[in-house]
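Below you'll find the structure, written out as structure tokens, and then a few comments.
The values are calculated or read from the model by the stated rules, or taken from the named source; none is laboratory data. Owing to the predicted nature of the structure, the values given are computational and were not obtained by experimental measurement. Note: ideal-geometry Cβ built from the backbone for every residue, glycine included; neighbour counts use all protein chains shown. What goes into the accessible areas is simple: the full protein's heavy atoms, side chains included, and nothing from ligands, DNA or RNA. Shrake-Rupley method; radii C 1.70, N 1.55, O 1.52, S 1.80 Å.
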Amino acid sequence: MDCPKCGHKQRDEVRCESCGIYFEKYRRRLTEGQSADSGLKNSRRPPEPGLGHTVKIAFATTAVIGLGLLVFMKVSTSTKNPPVVITRLQRDPLPVPSGKPDSTATEERQPQLTGVAAQLAKSNPPGNIIETARNATVFIKTGWGSLGSGFLVDAECHGVTNRHVLEFNPDNLFRKFRDDPDFHAKVVDAQQELHSEIERLRLQETEIAANRGSMYDLQQVSKKRMALEVELANLPKRAEAEMRQELERAAPAENAKGFTVVLIDGTEYSMSQAEYADDTDLALFQLPASSCPYLKRASSEKIGQGQRLFTIGNPSGLKFTVTSGIFSGYGELDKHRMLQTDAPINPGNSGGPLINEAGQVLGVNTAILTGAQGIGFAIPIEQVFDSFFMLRNAR
């Protein structure tokens, strides 16, 4: 059926689903209205406030009272259980990936730098993890002209390097030069020259005998040839003896046995004392400074072959140079366990750190295999802390 008021079509014949009127009441009202006196309709006055206005006023009053109660309940609840205010400092900053760290997150996560650490962070601000490790590496030069590297291992400014970098030892230098390929090449060249001269004298002897030359000439040539043969036989030992004499003459004076430690910003510290390990090529020194940047250490026990590694040092005086390679495996040198890598360890790198991609130190760059390329050795970092009493509490 159709609603007589709004025209809504539906099946229910009692009440309109759209406007809500009851059909029977609506019809009676229409009937009563049609039979009412028309004069009465014209004399109607404006309706006075009735039930509808009363309901509206009551509803408004109830709403106001309810709102007041709600506010009162919230105030009461907040007074008994004050809300927790979460500020920026209460949130843990998200971890910053590789690259330049977010300054705001860094300030919240790390304490304020002081001392040498603040000095170097200002003069040489690191842009990545490797540069952060670089700021804890030092350049070392000795009074007799030797160059090397080192690195700091704690905030008290203890530094580590190789013993052979700081200690003038003619025997060590002699072995170093004796095993140098350049030295061997010079000896071989001298031997070849002697061989050539001896063969020339032999030919001359043959010619003199064939031409029935004088016995005196033959004896003189033979005497010279035999002297050269003796010289040839003694050449290696004579060359080594001359080299040792040169090294002893080059020994530094007593006042030149100190060394200088240079930081990344050029700050220099003149040093005269160092502690040497008993059975390892390690040395420990301490800078007269405070709050130094230092390298955190990682375990060298379980390095995966092929893992990427870095060296930081001063090869041939090229200060604070970074080179990279991989971990080749564990080796042995002078009956000591060593870390083997193909990362370049050139003269001047000795004593510098071997680090991983996280900037943590794994070992001390120490030696290369003579006559080979891409075979270098580093002393495991655990050996450093085992060798020096002052570092044992920092384990």
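General remarks:
- Long-range neighbours under 8 Å by Cβ, at least six apart or interchain, first residue without any contact (Cβ under 8 Å) to a residue 40 or more places away in the chain within segment 139-167, second of a type outside the set (Asp, Glu) and open to solvent by 10 Å² or more (accessible area, probe 1.4 Å): Ser146/Phe168
- Scanning segment 1-34 for residues that are open to solvent by 100 Å² or more (accessible area, probe 1.4 Å) and hydroxyl-bearing (Ser, Thr, Tyr) yields a total of 1.
- Under the condition of being under 10 Å from Thr311 (Cα atoms), at pLDDT 95 or above and not small (Gly, Ala, Ser), the residues counted in segment 342-363 number 5.
- Qualifying residue in segment 270-283 (condition: over 23 Å from Glu167 (Cα atoms) and open to solvent by 40 Å² or more (accessible area, probe 1.4 Å)): no
- Residue count, segment 261-273 (criterion: at pLDDT 95 or above and either in a loop (DSSP other than H, G, I, E, B) or among the aromatic types (Phe, Trp, Tyr) (or both)): 6
- Residue check, Ser387 open to solvent by 50 Å² or more (accessible area, probe 1.4 Å), over 22 Å from Thr132 (Cβ atoms) and among the small types (Gly, Ala, Ser): no
- Of the listed requirements (1) more than 27 Å from Gly143 (Cβ to Cβ); (2) surrounded by 14 or more Cβ atoms within 10 Å (Cβ to Cβ), Ser299 misses just one: (2).
Residue by residue, here is whether (1) at pLDDT below 85; (2) open to solvent by less than 70 Å² (accessible area, probe 1.4 Å); (3) out of contact with any helix residue (DSSP H, G or I) (no Cβ under 6 Å at 6 or more places or on another chain); (4) over 30 Å from Leu369 (Cα atoms) holds:
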residue	(1), (2), (3), (4)
Asn172	yes, yes, no, no
His184	yes, no, yes, no
Arg200	no, no, yes, yes
Arg212	yes, no, yes, yes
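- Strands (runs of 3 or more DSSP E) contained entirely in segment 308-371, each with at least 2 residues that are of a type in the set (Gly, Ala, Ser) and open to solvent by less than 70 Å² (accessible area, probe 1.4 Å): 321-333, 361-368
- As a summary of the residue check, Ala227 satisfies the conditions (1) open to solvent by less than 30 Å² (accessible area, probe 1.4 Å); (2) modelled with pLDDT of 90 or more; (3) farther than 28 Å from Gly363 by Cβ; (4) of a type in the set (Gly, Ala, Ser) except for the one numbered (1).
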